[in-house]
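See below for the structure under consideration.
The values are calculated or read from the model by the stated rules, or taken from the named source; none is laboratory data. From a predicted model like this one, the values you see are computed outputs, not experimental measurements. Quick reminder, even Gly has a Cβ in these numbers, built from the backbone with ideal geometry, and neighbours come from all protein chains shown. Remember, those area values only see protein heavy atoms, side chains included, never the ligands or the DNA or RNA. Shrake-Rupley method; radii C 1.70, N 1.55, O 1.52, S 1.80 Å.
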Amino acid sequence: MVYQFSLKRCSPVALCVLTVLAWSWGSAMAGRSCTETRQVYGEKGYSLSTAPLTQISGEHLRLCPQDYTCCSTLMEETLAGQSESDFLSAIDDSSQFLLTSFTQRHRKFDEFFRELTDLAEKSMNQMFTKTYGRIYTQNSHVFQNLFVELRHYYSGGTVSLGEVMAEFWSRLVERMFSLVNPQYQFSEDYLECVSKHAEQLQPFGDVPRKLRIQVSRAFIAARELVQGLATGRDIVSKAVKLNVGSECVRALMRQWYCPLCRGIPTVKPCHSLCLNVMKGCLANQADLDSEWNNFIDALVVVADKLGGPFNMELAADSIAVKVSEGIMHMQENSVTISTKVFQGCGHPRPAPSRSKRSPKEPRGNRKPFRNYSPEERPTTAAGTNLDRLVSDLKERLRPMKGFWVSLPHTVCNDDKIAADVTNEDRCWNGQTRGRYLPDVTGDGLVSQINNPEVEVDIARPDIRTRQLIMELRVATNRLRHAQAGQDTDFVDTEGEDSSGSGDGDGGERYSDDWPGYGPYSPPYSKVPRNPSNPSRPTRPRDRTGTKWNRANQGRGKSAATPSLTASHAPLVSLSLVLSLAPLWR
């Protein structure tokens, strides 16, 4: 039989006894000291003028349980603001290593790549000045312009590296063609005819194609890595600037400061309670995790490429080596090349008077080129080399995966914020000291539909978080194209050689692409940073013009569409060959 208690069935004596007991218990609770609460509250810098000395009735409380309390209305409002501030501070502390890592690595890689380009230009200038003397210095702007364009691309300019390299070789072939044929006078139109058909003539052999592939891969990967690190830094900075809603503030207050109002400030929130509160408050941030992980993976792969097949350090040093090889090829094949040009562009006019060639410069003071081993790989003024930078970056990136989903755990694992997971019975469960019974909810916005601590509107995703997800997708897409040696801005226009080589194994690899091999390896010496950056207006080119055909008008049908083969070359005296060969030596 079950008995139910009813005041109507109580005798007057029993009712009086119950009333006295309730009054006595309430008086005892109201008389409990609030010394600990006042001490903690005062240590936070707040005035104690509104803090009760003993517990009072809590009907005025809006966030904490309305039991007897040590908090006035003003104290509850003040502590609610404090809980929001503590939450933002905890998120900031937990994400600080991400911000620091991205910021520092972005600065180091950017400084390194810029200095590497400066050193490559200085190395080429030294190498060619020693090798070619005054002939190089008179034409040095052609080489300087190449590095101006490379810097412009790296800095984010909308520049096609393929066009940059093609323009360089086009200008170089004009200079070289005039130098190997000093007995003739060439007009601007004639030289443009030469450069327009340089791809068909291949005056520099296969060197331009090899150098284009190598430089393009390295500079694309370098630029996208540095831009990706900047994107990671910005994403973190934006994602941790939270707009804390009222429901989140209520939950934060209830877990952190309601124990203080209850007069037990040393009791920490249960670990599971903390997780539910954090997952509710960070629901949108957790939705970043999938795209964030893809982004981190893409950064790691591009970093690997830069340390391997797309090595920026070696590619920058190869520029001087490859250009020198190209010049030597044209010098050695100048007679054949000139003959083909004369057939296609027309016979040039003789020079009015042939000047004597300047005497050879003494070579006794010139240092021979030397090879350096990988162990001697240079260290720039940035204080490191590429291998160390890449290794350090990968070590930093890998622990960042899963950051946004694990953020609630990171915060709640702090013993200053929540009780240890092993302390399940004597922690604050949101109402009193005891076990927290509800299950821990899942990750992300949709999973918060059953969150017992934070009321989350799952039908209204955060717009800013959606924007950050799109930014991550764009950055990841650019990085994935860089893995294949492709520039996203010119993915449909770059040559076939850059595509299909993203795995680093199936693509073309040239063992002689790297400096330190072959007879034309440059010496490496440190030089001052911040060289002057000459700028030049781009000369418009008629790439689809008909100067080649115009030059052959009136020469017959066969001349209008010449077959550029060595079999058409006329006999040239050995004395002319010998006189031209040392021109650039």
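With r defined as the distance between the Cβ atoms of Thr129 and Leu88 and R0 fixed at 56 Å, what FRET efficiency is calculated, to the nearest 0.05? If you can, show how the numbers build up before the last one.
Numbers: r = 58 Å, r/R0 = 1.04.
Working from the Cβ atoms, E equals 0.45.
Net charge near Val226: determine it from the other residues with C-beta under 12 Å of the C-beta of Val226, scoring Lys and Arg +1 and Asp and Glu -1. Show your work: numbers first, answer last.
Working: positive: Arg105, Arg107, Lys108, Arg114, Arg223, Arg233, Arg478; negative: Asp110, Glu111, Glu224.
So the environment of Val226 carries a net charge of +4.
For a 27 Å ceiling on Cα separation, which of these pairs sit above it: Lys44/Lys238; Lys210/Lys305; Lys279/Lys305; Lys268/Lys401; Lys268/Lys394?
Values: Lys44/Lys238 29 Å; Lys210/Lys305 18 Å; Lys279/Lys305 37 Å; Lys268/Lys401 29 Å; Lys268/Lys394 37 Å.
Result: Lys44/Lys238; Lys279/Lys305; Lys268/Lys401; Lys268/Lys394 exceed 27 Å.
What list of ³J(HN,Hα) couplings, whole Hz, do you get for region 307-321 from phi and the Karplus terms 6.51, -1.76, 1.60, once you set θ to phi - 60° and write x for glycine and proline?
So the J values, rounded to whole Hz, are x, x, x, 9, 4, 5, 4, 6, 5, 4, 6, 6, 4, 5, 4.
In region 224-318, what percent of the accessible surface is made up of carbon and sulfur (1.4 Å probe, ligands and nucleic acids excluded)?
Numbers: 1050 of 2340 Å².
Result for region 224-318: 45 percent of the exposed heavy-atom area is carbon or sulfur.
What length, rounded to one decimal in nm, is gained on full extension from Lys394 through to Gln66, with 0.36 nm per residue of separation minus their alpha-carbon distance?
Working: separation 328, 0.36 × 328 = 118.08 nm, distance 5.23 nm.
That works out to 112.8 nm of additional length.
For region 158-288, with the dipole built from +1 on Lys and Arg beta-carbon atoms and -1 on Asp and Glu ones, taken about the Cα centre, which of Leu242, Leu273, Ala230 lies farthest toward the positive end?
So the residue furthest toward the plus end is Leu273.
Relative contact order for region 53-94: what percent, with Cα pairs under 8 Å and sequence separation of 6 or more?
Numbers: 27 pairs, mean separation 11.6, N = 42.
Relative contact order comes out at 28 percent.
What full-extension length gain, to one decimal in nm, is calculated for Glu59 and Lys241 as 0.36 nm per residue of separation minus the Cα-Cα distance?
Going from the current span to full extension adds 62.0 nm.
Output the pairs from Lys130/Lys340; Lys122/Lys322; Lys196/Lys322 with a Cα-Cα distance over 23 Å in this structure; if there are none, say none. Please list the in-between numbers first.
Values: Lys130/Lys340 31 Å; Lys122/Lys322 15 Å; Lys196/Lys322 21 Å.
Pairs exceeding the cut-off: Lys130/Lys340.
For labels at Val40 and Ser140 in the simple 7 Å Cα→Cβ model, what's the distance in nm?
Calculated label separation equals 7.2 nm.
What percentage of the solvent-accessible surface of region 405-462, computed with a 1.4 Å probe over protein heavy atoms, is contributed by carbon and sulfur atoms? Working shown, then result.
Values: 1620 of 3540 Å².
Percent of accessible area from carbon and sulfur atoms in region 405-462: 46.
Taking the Cβ of Phe295 as the center, what net charge do the other residues with Cβ under 11 Å away carry, scoring Lys and Arg +1 and Asp and Glu -1? Could the numbers behind the result be given before it?
Numbers: positive: Lys401, Arg473, Arg478, Arg480; negative: Asp289, Glu291, Asp297, Glu471.
For residues surrounding Phe295, the net value is 0.
Hey, can you grab everything whose amide H is under 5 Å from the amide H of Gln185? Only 5+ residues off in sequence or another chain; H modelled, so Pro and N-termini drop out.
Under 5 Å from the amide H of Gln185: Arg349, Ala351.
Set the Förster radius R0 to 56 Å, insert the Cβ-Cβ distance between Ile463 and Leu48 as r into 1/(1 + (r/R0)^6), and round the FRET efficiency to 0.05. Mind showing how you got there, number by number?
Numbers: r = 43 Å, r/R0 = 0.76.
Computed FRET efficiency for Ile463 and Leu48 comes out at 0.85.
Given a Förster distance of 25 angstrom, what is the FRET efficiency for Asp425 paired with Ser33, based on the Cβ-Cβ distance and rounded to 0.05?
On the way: r = 25 Å, r/R0 = 1.01.
For Asp425 and Ser33, the calculated efficiency is 0.50.
Give me the percent of accessible area attributable to carbon and sulfur for region 115-155, probe 1.4 angstrom.
On the way: 640 of 1280 Å².
Reported share for carbon and sulfur atoms: 50 percent.
Tabulate in residue order the Karplus-calculated ³J(HN,Hα) for region 170-176, using 6.51 cos²θ - 1.76 cosθ + 1.60 with θ = phi - 60°, rounded to whole Hz; enter x for Gly and Pro.
5, 5, 5, 5, 5, 5, 5
Which of the peptides 213-220, 237-244, 264-271 is most tightly packed, and how do the rest follow, going by the mean number of other Cβ atoms within 10 Å of each residue? Working shown, then result.
Working: 213-220: 26.1, 237-244: 14.9, 264-271: 19.5.
Packing proxy ranking, top to bottom: 213-220, 264-271, 237-244.
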